[in-house]
Amino acid sequence: MTDALLEVRDLSVAFRTDRGDVEAVSGASLTVHAGQTVAVVGESGSGKSTLTAAVNRLLAPNGRVTGGSVTFDGVDLLARSEKQMNGVRGKRIGLVPQDPMSNLNPLRSVGSQIAEVFTVHREARGREAKKKATELLERVGIADAGRRYAQYPHEFSGGMRQRVLIAMGLALRPQLLIADEPTSALDVTVQKTVLDQLAELTATMGTAVLLVTHDLALAAERADHVVVMRKGRVVEEGSARTVLTSPTADYTRLLISAAPSLATSSMVTPPEGTPEPIIEVTGLRKDYPVRTGALGRRTPFTAADDVTFTIPRGTTVGIVGESGSGKSTVAKMVLKLEQPTAGELAFEGTSVTGIGGKELFAFRRRVQPVFQNPYAALDSRYTVGDAVREPLDVHEVGTPAQRRAKVAELLQQVALDPELARRYPHELSGGQRQRVAIARALALDPDVVVLDEAVSALDVLVQAQILELLVSLQQRLGLSFLFISHDLAVVRMICHVVHVMKGGRILESGSPAELFDHPQHAYTQALLAAIPVGEAAPA
Amino acid sequence: MLRFTLRRLALIPLLLWGIVTIAFFLSRSVSSNPLVTIVGERNLGNPDVVAAATRRWGLDKSLPEQYWVYLSNLVHGDLGTSFRTKSPVLDDLGARLPATLELAFTALVIAVVLGTLGGVVAARNKGRAADGVLRVAALAGSSLPVFWVGLIFLFVFYATLGIAPSPGRLSARVIPPPDVTGFYTVDSLLAGDWPLFTDAFAHLLMPAFIMSLALLGTVIRLVRSQMLEEQGADYVRTARAKGMARGQVLNRHVLKNAITPVVTLIGVSVGLLIMGAVLIETIFSWNGIGTYAVESSRGLDFPAITGVCLVGGVLFLLGNLLTDIAYATIDPRVRLS
């Protein structure tokens, strides 16, 4: 191995907050050699992103390096002036940021934002810069790059935007590329192609990659060397294989065991006998009017088509699919938040397709939702107690004293301290908030809970806890779940029956074991193949 | 975009009909008699004159009849004749509108230019003295009543210090430029009369500045908060990671994104400016729509009142339409439909 390209030694970073300084990174060290890929793995709040931001000297205004050194190509980056850093950023250290939706300026064309890298570093100007940017777009696999150059970010899909960001990061063939969760916002199949592309480009350019991710399996699959961080400290590092197969730190072991993978065994037992269906969905279809073309003609867009399935009482039925597959539309129709264009929805054997008024009000008590984003799903001005009590108030259940008692009981049911009832959502962690959302859904003793990506925004350890909670609630209360997710591994762990959706249709159905061990449909096979399993693909 | 514009333009007559109807009936619901304006106080005692005037001006007809006559005249481009000036309302408005537009347009330019500048300076110096001063000034600008500020300014700069010109569009005994656009500043330049231009411009500056105050304060605050918000956006950090200096990012990325909402604000404020014209023009003896409105309503000059409402409506609707088009031009995500 050659000399180190990037050497971070005992780096500490602190953020100034209202409650004094908070140390986000504490004495972390890592080394990246030329051409090597090093992955930094950790949960949210582990300091992994802060560490890489410090390398680039792009910490948030309230953050500062309190100790240690960052040596890049023999030069101490922390001692450089801001002006000198401008010459390093983009040219010698590239960045591929996390969220492709927010990292491009929405008011400027995609091409001009790539060309800017050339003009800023005076590598090319005007037409020359445009030509180079167009070539880059082609290289990252965007067809019709010449036309695409002038388009705006909102005209690109998430995967394509991420390619644009990769093109930006690699424009000047930097020696080091910092890729901060480059694919966590993307569908699994898109993630695979984007990562393949990134790997191929960095290999040909000889660029070293510092890959930040929460996904241990992905890190192990893509990196030569893995660094595991927790609460600002490096708890373990080593070659990818060693870390994954024989971890030394307890925390790494915990992470590995909590991470859902296709090898994880199911958490649920099959129901006894054949329970009668509580929800029956037949030929459900949803069209949305969309205006297209210069004249704004209305053409219907079919979000869901001919969707048929049942939810047997006391079981969990999963729907997996990528974004745009129509799975959330189905969830909304089952919740009766959207009216189907065609098809039938029956609850306990009675049609509820066209109900309204009192009947709908009664239906809402029996079927409750839990949504994806625990941050957005709770009103920030409601206390936890208010949020959980609201359904009881709306449906006028019991006396005020009884409602208060019920709130305490519900919070205990989701393993939260009833004392939390007086707190506000921003005082809680993501996992706690999702427990509150579940408690709120359970307030009216529903029969069915629709979980739309309910664990997707959570860290693996928290996710594992919530999944356990859901399983135990099902056993205790006899709940039926409709579990919507993009994550096949999670679905495999928790569902009795799984339906795979794509383009608004159910492609394939079956028990998790059948579906994942013997996928029939090519799409299901592709989905399964795209999941990182923690081993580098054979070259 | 063209389709959108045409559709919106097609809607304008309908909206104007609504405005005219409300203005017509509202002004006539006042239980006082416009005849005094028509015939003058001295003739009010003369029943023959009053009867003749009542007939002549159609006031003997029932209200629905009067309304119908007004509407059918309006369709032919006739806004009626002013009770007070005895000349067609359309001519009156035509003569006075440019004065108001010149004032309002200048006020708009001042508000946008100074407001953006102030907002950027405040945002760049967040938490420092300059920011504090600008924030207080902005708050004062949007909350102090214009008529009070107008009088104070006149007292200080004209009456006491003598550095500002007298109220009015031009100095006394100065002859207006030949009428081309009706904007004295533009017309004087067209005529190549530089001294006349400086005179017109000097007279324009103070009322326009005071007219802009409310909007100016709002623009400063909006630009400041937008700048601060945009600076924290992910794409700004990404631009910095390309190697761009802070100032470069500010100029090339942040500024445009931050001032986009100002466009919307302007559209909404067109109505505000026209309303403000009533007060400003009265204080500064500005012979525009505002003074015309005040004089007409004092004498219950029905055709003139309705005419002013109509012009205000047209300006407001056009302002909003232009805003929508401008917004769609700046922000590619906005699709007009």
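Only one of the numbered conditions (1) in a loop (DSSP other than H, G, I, E, B); (2) out of contact with any Gly (no Cβ under 6 Å at 6 or more places or on another chain) is not met by B:Ser285, and that is (2).
Residue by residue, here is whether (1) more than 8 Å from every other protein chain (Cβ to nearest Cβ); (2) closer than 30 Å to B:Arg169 by Cβ; (3) among the basic types (Lys, Arg); (4) in contact (Cβ under 8 Å) with a residue 60 or more places away in the chain holds:
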{"residue": "B:Val236", "(1), (2), (3), (4)": "yes, no, no, no"}
{"residue": "B:Lys242", "(1), (2), (3), (4)": "no, no, yes, no"}
{"residue": "B:Asn257", "(1), (2), (3), (4)": "no, no, no, no"}
{"residue": "B:Met275", "(1), (2), (3), (4)": "yes, yes, no, no"}
{"residue": "B:Gly288", "(1), (2), (3), (4)": "yes, yes, no, yes"}
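Every residue in segment B:48-65 that is without any contact (Cβ under 8 Å) to a residue 24 or more places away in the chain and either in a loop (DSSP other than H, G, I, E, B) or of a type in the set (S, T, N, Q) (or both), please. Within segment B:48-65, B:Thr54, B:Gly58, B:Asp60, B:Lys61, B:Ser62 meet the criteria. For segment A:262-281, what are the residues that are modelled with pLDDT of 80 or more and acidic (Asp, Glu)? Passing the criteria: A:Glu276, A:Glu280.
Condition check ((1) part of a loop (DSSP other than H, G, I, E, B); (2) more than 23 Å from the chain's Cα centre (by Cα); (3) at negative phi) across all residues:
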site	(1), (2), (3)
B:Gly150	no, no, yes
B:Phe157	no, yes, yes
B:Ser166	yes, no, yes
B:Ile175	yes, yes, yes
B:Val180	yes, no, yes
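Residues that are closer than 19 Å to B:Ala107 by Cβ and in contact (Cβ under 8 Å) with a residue 40 or more places away in the chain within segment B:290-307 comprise B:Gly290, B:Thr291, B:Tyr292, listed in sequence order.
Starting from residues that are touching a residue at least 40 places away in the same chain (Cβ under 8 Å) and outside any loop (DSSP other than H, G, I, E, B), keep the ones in segment A:112-123 and report whichever is surrounded by the fewest Cβ atoms within 10 Å (Cβ to Cβ). So that I can check it myself, show each step before the final result.
Quick first cut of segment A:112-123, residues touching a residue at least 40 places away in the same chain (Cβ under 8 Å) only: A:113-114, A:117-118, A:121, A:123.
Adding the requirement that they be outside any loop (DSSP other than H, G, I, E, B) leaves A:113-114, A:117-118.
Values: A:Gln113: 25, A:Ile114: 27, A:Val117: 29, A:Phe118: 23.
The selected residue is A:Phe118.
Does B:Val263 qualify as being surrounded by fewer than 20 Cβ atoms within 10 Å (Cβ to Cβ) and within 14 Å of chain A (Cβ to nearest Cβ)?
Details: surrounded by fewer than 20 Cβ atoms within 10 Å (Cβ to Cβ): yes; within 14 Å of chain A (Cβ to nearest Cβ): yes.
Considered against the rule, which asks whether it is surrounded by fewer than 20 Cβ atoms within 10 Å (Cβ to Cβ) and within 14 Å of chain A (Cβ to nearest Cβ), B:Val263 comes out as yes.
Pick from segment A:240-262 the residues that are free of Cβ contacts under 8 Å to residues at least 60 places away in the same chain and not in a helix (DSSP H, G or I): which of them is surrounded by the fewest Cβ atoms within 10 Å (Cβ to Cβ)? This residue is A:Ser246. Per this entry, A:Val212 is counted among residues that are under 22 Å from A:Asp487 (Cα atoms) and part of a strand (DSSP E or B). Among residues of segment A:478-533 being under 18 Å from the mean Cα position of the chain (by Cα) and small (Gly, Ala, Ser), the one that is surrounded by the most Cβ atoms within 10 Å (Cβ to Cβ) is A:Ser485. Being under 30 Å from the mean Cα position of the chain (by Cα), more than 14 Å from chain B (Cβ to nearest Cβ) and closer than 26 Å to A:Val471 by Cα is a description that does not apply to A:Thr274. Take the conditions within 24 Å of B:Arg298 (Cβ to Cβ) and in a helix (DSSP H, G or I) and apply them to B:Leu139. Does it pass? The answer is no for B:Leu139.
Name the single residue that is nearest to the other protein chains (Cβ to nearest Cβ) among those in segment B:290-334 being under 30 Å from B:His253 (Cβ atoms) and in contact with a Lys or Arg (Cβ under 8 Å, 6 or more places away or on another chain). Before the answer, list the steps.
Going residue by residue through segment B:290-334, those that are under 30 Å from B:His253 (Cβ atoms) are B:319-334.
Remaining after also requiring in contact with a Lys or Arg (Cβ under 8 Å, 6 or more places away or on another chain): B:321, B:324, B:328, B:330.
Values: B:Leu321: 18, B:Asp324: 15, B:Ala328: 12, B:Ile330: 7 Å.
Going through the qualifying residues, I end up with B:Ile330.
Only residues that are surrounded by fewer than 20 Cβ atoms within 10 Å (Cβ to Cβ) and either polar (S, T, N, Q) or not assigned by TED's automatic domain parsing to the domain that holds A:Arg435 (or both) were counted across segment A:360-406, and they come to 5. So in segment A:75-102, with the set limited to residues that are within 7 Å of another protein chain (Cβ to nearest Cβ) and assigned to a strand (DSSP E or B), which one is surrounded by the fewest Cβ atoms within 10 Å (Cβ to Cβ)? Of everything passing the filter in segment A:75-102, A:Arg89 is surrounded by the fewest Cβ atoms within 10 Å (Cβ to Cβ). Across segment A:131-172, the qualifying residues are those that are over 19 Å from A:Asp196 (Cβ atoms) and of a type in the set (D, E, K, R), and the one among them that is nearest to the other protein chains (Cβ to nearest Cβ) is A:Glu155. Report yes if some residue within segment B:90-106 is surrounded by 15 or more Cβ atoms within 10 Å (Cβ to Cβ), outside any helix (DSSP H, G or I) and touching a Pro at 6+ places or on another chain (Cβ under 8 Å); otherwise report no. Within segment B:90-106 (the criterion being surrounded by 15 or more Cβ atoms within 10 Å (Cβ to Cβ), outside any helix (DSSP H, G or I) and touching a Pro at 6+ places or on another chain (Cβ under 8 Å)), the answer is no, since none of the residues qualifies.
Here is a list: B:Leu222, B:Leu272, B:Leu215, B:Leu300. Which entry is within 26 Å of the chain's Cα centre (by Cα), more than 23 Å from B:Ala130 (Cα to Cα) and assigned to a helix (DSSP H, G or I)? Just a single option satisfies the conditions, and that option is B:Leu272.
Considering segment A:316-411, the qualifying helices (runs of 4 or more DSSP H), each wholly inside and each with 3 or more residues that are touching a Leu at 6+ places or on another chain (Cβ under 7 Å), run over A:327-334, A:384-394. Residue count for segment B:244-255 satisfying the condition of being at the interface with chain A (Cβ under 7 Å from one of its Cβ atoms) and buried (at least 24 other Cβ atoms within 10 Å of the Cβ): 2.
I want to confirm something. Restricting to segment A:172-202 and keeping residues that are in a helix (DSSP H, G or I) and charged (D, E, K, R), which single residue is nearest to A:Ile531 (Cα to Cα)?
Filtering first and then ranking leaves A:Lys192.
The values are calculated or read from the model by the stated rules, or taken from the named source; none is laboratory data. These figures come from a predicted structure and were not determined experimentally. In this analysis, Cβ positions are derived from the backbone assuming ideal geometry, glycine residues included, and neighbour counts consider all displayed protein chains.
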